[in-house]
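Engineer: Please see the structure below; I have some questions.
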Amino acid sequence: MEKYIIFANAMLKKRTQIVVILLAVIIASSTLLSSCGGHDEMSNRVIVQNKTFTLTGDSIIEDTVFAVALKPDHIESNITMSRLDSLYAQVDPTRVQFTHGRPWRMREERPTMMPEYHSDQPLVDALYNMSVERISDAIDGSGCFKVTHNISRLYCSIYLSLAALKPHQSMATLRGMVDRDSIIMQREGQWPVVSDHIGWATAAWEVYKMTGDRKWLSYCKRVIEKTLGINSMVLVDNGTGLIHGAGYTTSRPLGVRRMTWMGYNDLFACMSLGNNVLTAHAYSILSEMCDEMGIENTYEKDALRLKDAINQHLWDEDKGFYSSFLYGMAILRQSPTTDNTSQAMCVLWGIADDERAENLIANTPVSDKGVNVTYPANNPVEPYFANSSWATTQALWNLAAAYTGNENALRRGLGALYRAQALYQSRGIHMKDMDIDELGTGASNVAMVMRVFLGLNFKPEGIEFDPMVPVGMPGKKTFNGLNYRKAVLDFTIEGTGNDIASITDNGKSLESAFLPNNIEGHHHIVITLKQGKRHTQKVTIHSNEVILPPTPIVEWSNDTGRIVDYVPGTPYRLSVNGNLTDLRDSVFVLPETESYAEFSVEVAGKYLNGFMSKPLIHYYLTPQIAFFPKVEGDTAMINVSVAEGGDYLIDIGYLPTGTLDVRKVYANSHFMGTLVMASGNKLGIDGLTYSNVVRVKLLKGENVITISQLRLPKAFTPCEPVHLRIISL
């Protein structure tokens with residue numbers, strides 16, 4: 001307590017009123033701290049308390065940094081640039097430079113057509129009011145949302161709350177992402193290498209459930225159906241049943257920052273959790289859309305097949321959570337990292353069954369400052385500044401925690417979200433040249449009220465209620481003025497817990513926690529909560545020092561390997577088709593194998609292994625070479641003869657004269673997969689660049705392999721294929 005008094009006295013001459021307020025908060029919070037049994041047991045009088053900070057209904061306290069809101073119309077804080085500089089002095093100062101503005105004050109004119117929220121937690125109210133202002137400010141003159149960050153986060157934001165708050169602006173924004181009845185694919189990356197555009201379906205479906213607009217439903221069904229049709233022809237892996245391509249939130253950043261050996265061809269070969277979860281959900285959505293329109297369909301079977309493939313190939317039984325992607329060449333490995341945005345979606349959309357979902361939330365490591373987009377994070381810098389944590393990821397994680405009944409995880413998640421907003425966003429503090437995602441942060445905050453405290457779950461037939469209010473947030477909460485189809489809804493939530501003791505609509509008891517979609521006029525729903533079934537409250541906490549070991553750089557010869565960046569004492573391991581053995585020196589001899597093999601090296605860390613080095617392919621038999629014929633048009637047919645029928649690998653050696661070239665592969669008229677030929681990849685030993693590999697089934701004797709070029713936008717020019725390699729397994 002003494003250090004706070006000294007700090008307050010130093011500030012007294014500058015901002016007396018604020019310091020007095022802050023001291024009052026400190027004294028109150030000190031009382032709270034003394035009433036608790038330690039950092040692992042949170043008092044019922046705080047929202048969250050951990051080793052890093054304490055969050056109450058009106059303040060956030062972290063060491064000597066404070067933010068306070070005694071009224072819901074402004075937030076005061078004492079954070080300064082010098083304080084930030086001292087916190088991050090150990091980080092490269094040329095990379096971490098901060099900017100900030102004045103403390104937030106609510107404008108006199110409230111944003112129109114936005115629900116009002118009031119509770120006994122003035123800081124939460126203030127953050128809500130700040131969020132609806134920022135959402136209103138993020139709409140441009142055409143009625144669309146301003147997109148300042150990647151589209152993936154916008155899809156999440158519309159799903160979380162923008163579809164409910166601003167359905168028409170959401171609709172207009174989503175229409176702008178469609179061209180000729182398919183979702184525009186060329187965005188932050190190059191499709192099909194980056195292929196998470198199908199997230200559009202999740203956002204579009206949420207808009208329909210809110211509005212009931214049948215024209216929008218018909219339009220969305222047509223767009224999603226066409227886009228999934230294109231994806232299924234190009235992205236499906238015949239071996240695993242998964243979808244190829246890097247998701248923007250998962251493989252692509254990790255590939256660039258941690259696996260420098262990976263080019264576009266290697267990234268396409270990845271199969272990310274995010275892409276597959278979004279695709280499975282899109283199939284489920286398309287099935288529901290068809291049902292809504294009275295159209296028979298089999299899309300739910302496609303969703304279930306993909307769900308099974310996700311759980312078979314991407315679930316890590318030892319860790320108790322999903323791997324973020326598969327990677328490698330023919331022998332696929334699970335990434336040592338996890339993608340928490342997609343993990344939360346697995347919980348919310350039924351990819352993970354109840355037991356698996358509960359274990360996932362309990363076992364995935366999180367920090368006091370929140371859940372990382374990927375674990376471990378790309379760097380140890382403050383998540384809010386360096387984007388190792390996104391508000392949309394934290395919001396989805398909080399929804400998933402509430403869904404599984406893990407109140408401890410929810411309280412910690414709410415604390416992380418509110419901490420970043422109160423301390424930093426309220427002052428506009430961010431890293432230089434990196435804008436704050438105002439839209440995503442605002443949508444995430446509003447979602448905590450709508451989807452967690454009120455438990456609103458929009459469905460085609462109406463609204464289900466599944467609320468959860470943590471014990472640290474007692475009192476009455478009101479949420480008034482939500483426009484739903486032909487009705488205007490006001491809500492009152494009383495008490496805490498995760499079970500509904502009573503629910504009324506305009507004073508009349510409801511038989512179930514459900515409102516049908518045909519209600520009209522004004523409705524006031526009152527929900528009283530009680531503590532229901534207690535689920536696991538386990539949370540796995542990690543420190544920000546947990547980082548992946550470095551990815552080794554290895555020089556390969558025919559029968560040896562040399563670790564270029566060898567560090568004595570580091571536990572290196574040689575992988576032979578995924579089987580690991582310890583290495584004792586920088587130079588090592590490769591074991592003999594009597595079949596196709598992939599060699600790589602990785603570092604064993606204290607908590608988990610790092611990424612593997614660029615693999616070396618060992619050919620048991622010399623690959624056959626079939627030169628590309630000179631053809632006119634988009635299709636080349638190549639005759640290949642093999643002595644034995646079975647599985648083979650093929651790839652294309654090419655000259656990277658274009659930007660990105662995508663070819664579909666058929667063996668004896670059966671589609672086998674997709675080959676990607678991109679520029680910028682390192683040349684092979686014969687002076688050519690090689691595409692990813694595709695597994696094909698060949699018959700004994702003569703076979704016809706057809707290579708068909710996929711028509712891409714005019715910005716792309718084709719590469720020059722030289723030969724086809726046929727590799728025996």
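Engineer: Take residue 318 and tell me if it is in the same structural domain as residue 239 (by TED's automatic domain parsing) and within 16 Å of residue 242 (Cβ to Cβ).
Structural biologist: Judged against the criteria, residue 318 is not a match.
Engineer: If you don't mind, another one. When you go through 561, 578, 610, 569 one by one, which is the residue that is more than 26 Å from residue 358 (Cα to Cα), at pLDDT below 95 and surrounded by 14 or more Cβ atoms within 10 Å (Cβ to Cβ)?
Structural biologist: Only one candidate qualifies: 610.
Engineer: Restricting attention to the range 28-49, does a residue exist that is at pLDDT 85 or above, among the charged types (D, E, K, R) and surrounded by fewer than 17 Cβ atoms within 10 Å (Cβ to Cβ)?
Structural biologist: Checking the range 28-49: not a single residue is at pLDDT 85 or above, among the charged types (D, E, K, R) and surrounded by fewer than 17 Cβ atoms within 10 Å (Cβ to Cβ).
Engineer: Here are the criteria: (1) crowded, with 17+ Cβ neighbours inside 10 Å; (2) closer than 22 Å to residue 101 by Cα. Tell me which single one residue 432 does not satisfy.
Structural biologist: Of (1) crowded, with 17+ Cβ neighbours inside 10 Å; (2) closer than 22 Å to residue 101 by Cα, only one is false for residue 432: (1).
Engineer: From the set of residues in the range 50-71 that are under 21 Å from residue 477 (Cβ atoms) and part of a loop (DSSP other than H, G, I, E, B), which is modelled with the lowest pLDDT?
Structural biologist: Among those that are under 21 Å from residue 477 (Cβ atoms) and part of a loop (DSSP other than H, G, I, E, B), it is 70.
Engineer: For the range 212-230, how many residues meet the condition of being farther than 14 Å from residue 299 by Cα and part of a helix (DSSP H, G or I)?
Structural biologist: Of the residues in that region, 9 qualify.
Engineer: Quick test for you: out of 584, 562, pick the one residue that is within 30 Å of residue 335 (Cα to Cα), over 29 Å from the mean Cα position of the chain (by Cα) and assigned to a strand (DSSP E or B).
Structural biologist: Result: 562 is the single residue among 584, 562 that is within 30 Å of residue 335 (Cα to Cα), over 29 Å from the mean Cα position of the chain (by Cα) and assigned to a strand (DSSP E or B).
Engineer: Given the criterion out of contact with any Gly (no Cβ under 8 Å at 6 or more places or on another chain), under 30 Å from residue 468 (Cβ atoms) and of a type outside the set (A, V, I, L, M, F, W, C), identify the matching residue among 509, 595.
Structural biologist: Residue meeting the stated conditions: 509.
Engineer: In the range 679-688, is there at least one residue being in a strand (DSSP E or B), in contact (Cβ under 8 Å) with a residue 12 or more places away in the chain and closer than 17 Å to residue 626 by Cα?
Structural biologist: Within the range 679-688 (the criterion being in a strand (DSSP E or B), in contact (Cβ under 8 Å) with a residue 12 or more places away in the chain and closer than 17 Å to residue 626 by Cα), the answer is no, since none of the residues qualifies.
Engineer: May I pose another question? Enumerate the pairs (first residue in the range 483-504 and within 25 Å of residue 403 (Cβ to Cβ); second residue anywhere and aromatic (Phe, Trp, Tyr)) with beta-carbon separation below 7 Å, excluding pairs fewer than 6 apart on the same chain, so at least 6 apart or on different chains.
Structural biologist: So the pair list comes out as 491/479; 493/453; 500/465; 503/465.
Engineer: Next question. Taking the range 512-528 as the search range and keeping residues that are surrounded by 13 or more Cβ atoms within 10 Å (Cβ to Cβ) and not aliphatic (A, V, I, L, M), which one is nearest to residue 411 (Cα to Cα)?
Structural biologist: Filtering first and then ranking leaves 528.
Engineer: Oh, and also: Run down 329, 293, 289 and say which single residue is on the phi < 0 side of the Ramachandran plot, in the same structural domain as residue 204 (by TED's automatic domain parsing) and at pLDDT below 95.
Structural biologist: Of the residues listed, the single one that is on the phi < 0 side of the Ramachandran plot, in the same structural domain as residue 204 (by TED's automatic domain parsing) and at pLDDT below 95 is 329.
Engineer: Please work out which one of (1) within 30 Å of residue 365 (Cβ to Cβ); (2) of a type outside the set (A, V, I, L, M, F, W, C); (3) buried (at least 17 other Cβ atoms within 10 Å of the Cβ) is the condition residue 618 fails and give its number.
Structural biologist: (1)
Engineer: Between a first residue in the range 88-116 that is at pLDDT 70 or above and a second residue that is assigned to a loop (DSSP other than H, G, I, E, B) and of a type in the set (Gly, Ala, Ser), which pairs have beta carbons less than 6 Å apart while being 6 or more apart in sequence or on different chains?
Structural biologist: What qualifies is 100/428; 101/428.
Engineer: I'm checking my understanding of the structure. Among residues of the range 613-641 that are under 37 Å from the mean Cα position of the chain (by Cα) and either of a type in the set (Asp, Glu) or assigned to a strand (DSSP E or B) (or both), which one is nearest to residue 678 (Cα to Cα)?
Structural biologist: 634
Engineer: Which of (1) assigned to a loop (DSSP other than H, G, I, E, B); (2) out of contact with any Ser or Thr (no Cβ under 8 Å at 6 or more places or on another chain); (3) farther than 20 Å from residue 703 by Cβ does residue 644 not meet, given it meets every other one?
Structural biologist: Answer for residue 644: the failing condition is (3).
Engineer: Give the residues of the range 99-135 that are among the basic types (Lys, Arg) and out of contact with any helix residue (DSSP H, G or I) (no Cβ under 6 Å at 6 or more places or on another chain), sorted by residue number.
Structural biologist: Correct list: 102, 105, 107, 110.
Engineer: Sticking with this structure for a sec: crowded, with 18+ Cβ neighbours inside 10 Å and in a strand (DSSP E or B): is that true of residue 651 in this structure?
Structural biologist: yes
Engineer: For the condition at pLDDT 95 or above, within 28 Å of residue 397 (Cα to Cα) and not in a loop (DSSP other than H, G, I, E, B), what is the one hit in 488, 526?
Structural biologist: Of the residues listed, the single one that is at pLDDT 95 or above, within 28 Å of residue 397 (Cα to Cα) and not in a loop (DSSP other than H, G, I, E, B) is 526.
Engineer: Here's another thing I want to ask about it. Name every residue in the range 181-220 that is within 19 Å of the chain's Cα centre (by Cα), of a type in the set (Gly, Ala, Ser) and either more than 30 Å from residue 658 (Cβ to Cβ) or surrounded by fewer than 24 Cβ atoms within 10 Å (Cβ to Cβ) (or both), in order of residue number.
Structural biologist: 189, 201, 203, 204
Engineer: Still on this structure, I have one more. Let me confirm something: among 587, 640, 567, which residue is touching a residue at least 12 places away in the same chain (Cβ under 8 Å) and out of contact with any Lys or Arg (no Cβ under 7 Å at 6 or more places or on another chain)?
Structural biologist: 640
Engineer: Residues in the range 584-601: is at least one crowded, with 17+ Cβ neighbours inside 10 Å, in contact with a Ser or Thr (Cβ under 6 Å, 6 or more places away or on another chain), at pLDDT 95 or above and not small (Gly, Ala, Ser)?
Structural biologist: yes
Engineer: Hey, can you tell me all the residues within the range 268-318 that are buried (at least 19 other Cβ atoms within 10 Å of the Cβ), charged (D, E, K, R) and closer than 14 Å to residue 356 by Cα?
Structural biologist: Selection gives 307 alone.
Engineer: Which one of these does residue 336 not meet: (1) under 26 Å from residue 283 (Cβ atoms); (2) part of a loop (DSSP other than H, G, I, E, B)?
Structural biologist: (1)
Engineer: While we're here: Can you name the residue in the range 529-545 that is more than 30 Å from residue 487 (Cα to Cα) and exposed (fewer than 13 other Cβ atoms within 10 Å of the Cβ) and, of all such residues, is modelled with the highest pLDDT?
Structural biologist: 533
Engineer: Now for a different question. Quick one: is residue 659 β-branched (Val, Ile, Thr) and surrounded by fewer than 12 Cβ atoms within 10 Å (Cβ to Cβ)?
Structural biologist: Against the criterion (β-branched (Val, Ile, Thr) and surrounded by fewer than 12 Cβ atoms within 10 Å (Cβ to Cβ)), residue 659 does not qualify.
Engineer: Could you identify the single residue in 172, 201 that is farther than 19 Å from residue 282 by Cα and assigned to a helix (DSSP H, G or I)?
Structural biologist: 172
The values are calculated or read from the model by the stated rules, or taken from the named source; none is laboratory data. Because the structure is predicted, anything quoted here is derived from the model rather than measured. Cβ atoms come from the backbone with ideal geometry, glycine included; neighbour counts cover every protein chain shown.
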